[in-house]
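Undergrad: I'd like to ask you about the structure that follows.
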Amino acid sequence: MEFIHAQPIINSIIYSILGIIILLIGYFIIEKLTPENTWKEVVEKNNVAVAIVLAGFIIGLSMIISAAIHG
């Protein structure tokens, strides 16, 4: 048990939560900037093009957040 250090685990949890919060804030900003409700377009209207763009946005923003947190 002496080899297990709690500080890196706590840091990982804090950075993960911080990254998810930043990602959600970014999603809500894009949701406000776009003229259509993206979630409604994807779920109710089955718009694959909007789903692909939204997925690309989420992946891109996640990569930026992870690089910023990692350093």
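The values are calculated or read from the model by the stated rules, or taken from the named source; none is laboratory data. Bear in mind the structure is a predicted one, so any value in this text is a computation, not a measurement. So basically every Cβ, Gly included, is an ideal-geometry build from the backbone, and we count neighbours across all protein chains shown. Just the protein is used for accessible areas: all its heavy atoms, side chains included, with ligands, DNA and RNA removed. Shrake-Rupley method; radii C 1.70, N 1.55, O 1.52, S 1.80 Å.
Undergrad: Determine, yes or no, whether Ala49 is surrounded by fewer than 10 Cβ atoms within 10 Å (Cβ to Cβ), among the hydrophobic types (A, V, I, L, M, F, W, C) and assigned to a helix (DSSP H, G or I).
TA: On the way: surrounded by fewer than 10 Cβ atoms within 10 Å (Cβ to Cβ): yes; among the hydrophobic types (A, V, I, L, M, F, W, C): yes; assigned to a helix (DSSP H, G or I): yes.
Spelling it out, Ala49 is indeed surrounded by fewer than 10 Cβ atoms within 10 Å (Cβ to Cβ), among the hydrophobic types (A, V, I, L, M, F, W, C) and assigned to a helix (DSSP H, G or I).
Undergrad: So which residues in the stretch 30-46 are surrounded by 11 or more Cβ atoms within 10 Å (Cβ to Cβ) and either within 19 Å of Ala68 (Cβ to Cβ) or not charged (D, E, K, R) (or both)?
TA: Selection gives Ile30, Thr34, Asn37, Thr38, Trp39, Val42, Val43.
Undergrad: May I pose another question? Go through (1) open to solvent by less than 90 Å² (accessible area, probe 1.4 Å); (2) free of Cβ contacts under 8 Å to residues at least 12 places away in the same chain and name the single condition His70 misses.
TA: (1)
Undergrad: Which numbered condition in (1) touching a Ser or Thr at 6+ places or on another chain (Cβ under 6 Å); (2) loosely packed, with under 12 Cβ neighbours inside 10 Å is the only one that Leu54 fails?
TA: Exception for Leu54: condition (2).
Undergrad: Scan the stretch 1-36 residue by residue and report those that are outside any helix (DSSP H, G or I) and under 18 Å from the mean Cα position of the chain (by Cα).
TA: Once the filter is applied, which keeps residues that are outside any helix (DSSP H, G or I) and under 18 Å from the mean Cα position of the chain (by Cα), the stretch 1-36 yields only Thr34.
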